[in-house]
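Student: Have a look at this one.
All of the numbers you see were taken from the coordinates with simple rules; none came from a lab. Since the model is a prediction, treat every value here as computed from it, not as a measurement. Because the Cβ atoms are built from the backbone with ideal geometry, glycine has one as well, and the counts that use them run over all protein chains shown.
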Amino acid sequence: MAHPSNLSSKWTLASIVLLLPIIINGIAPLLQLVAPGILVVLTEGISLALASSIILGNLALGLLLCWLLMRPEALIWLIQTVGLAMVLMVARKKDWSWIKALLAGFAYLCITFVVVLSAGSDHGLLDGYNKIIQVISEDLDQSLALYKEKSSGIYQVELEKWFYQFKALIIRFLPGLMGSVFVIITLSNILVPKIYLAKRYENEAFAPTFTQWKLPELLIWVIITAAVLAFWGDGIFHVCGENVLLVLSSLYFLQGLAVVAVYFEKLKVPGFIRWIIYILLCIQWYGLIFVVIIGVSDVWFDLRNRAPAARES
């Protein structure tokens, strides 16, 4: 059983993690990448019931604070953070696999997003989604107008053409972009306790090492189906295929990077060269596609075991 003073410090730290973003504007989006993972670390070593009481108790304080400060928008961050922390905490306590924890956290964020959209509109989910599209479109239009005000007119026609193409892509792939963001948020919060607990217990806590990152083989058929719908589907099937393909591509991109990391390790590539190559792969669209292809190919060809050993000098 945990010592009362230890429980008090856990409660205080959990309060800081959850309540500080409500008081200070602008830090919530950044903290969402690590806050649920920090809560998992803070509740390590105590029972699931006790850990739940700490997190849910601070949730009640957060709800009260949102009401007192009249910040209803902070409720979304609070509910997402607490819910994801609870999912990952259960995953840690029940010793779930990393992919189960990732999918559960991703599913929770998606469900929360859908519920918020539905609750924020009087006419259902689709109307709420259209409102988000309208807000994004208006914000982008304001940004373009502001830029045109402060710039010369030499390239304004080309800029405006490029800008509207960019806006159309954002609106077209918004569900897939949101899904990719949810994957990144969940993954980053899995990595927080993994890094801390692996150093503390000297094991691969909560997730395998990055070079062993491999998605379930059955998932390959989902991305193949999404690709077929994206390229040859019509109407809603085409739209769904494109956005599902975008989300799954982000996962297979990580698997592709894991394969690249294995080759770097076996070939003993110097660290600074590795980072140069990583940056080049990530800033070029064909580099991103190439890494995704590597990740998909690893399912069939087991590319990690084909990596050559470094030559002895």
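Student: Could you list the trypsin sites (Lys or Arg not before Pro) in the stretch 255-294 that lie in coil according to DSSP, counting only those with at most 16 other Cβ atoms within 10 Å of their Cβ?
Tutor: In loop regions of the stretch 255-294 (DSSP not H, G, I, E or B), the sparsely surrounded trypsin sites (Lys or Arg not before Pro) are K268.
Student: Fewest first, what order do Y147, Y263 take by the number of other Cβ atoms within 10 Å?
Tutor: Least crowded to most crowded, the residues run Y147, Y263.
Student: While we're here: Order of 54-60, 65-71 by packing, highest average Cβ count within 10 Å first?
Tutor: Going from most to least packed, we get 54-60, 65-71.
Student: I'd like to verify something in the chain: which complete DSSP H helices, judged by Cα projection on the helix axis, reach 15 Å or more and average at least 1.0 on the Kyte-Doolittle scale?
Tutor: 4-23, 48-69, 74-93, 98-119, 174-201, 219-232, 235-266, 271-283, 285-301
Student: Could you list the square roots of 5 times each eigenvalue of the Cα gyration tensor of the chain, that is, the equivalent ellipsoid semi-axes, sorted largest first and rounded to whole Å? Don't skip to the answer; put the middle values down first.
Tutor: Working: eigenvalues 221, 201, 77 Å².
Calculated on Cα positions only, the semi-axes equal 33, 32, 20 Å.
Student: Longest exposed-loop-site-free stretch of the chain, with GluC sites (Glu not before Pro), DSSP loop and at most 13 other Cβ within 10 Å?
Tutor: Free of exposed loop sites, the longest segment is 74-201.
Student: How high is the relative contact order of the chain, in percent, counting Cα pairs under 8 Å that sit 6 or more residues apart?
Tutor: Working: 287 pairs, mean separation 48.7, N = 313.
So the answer I get is 16 percent.
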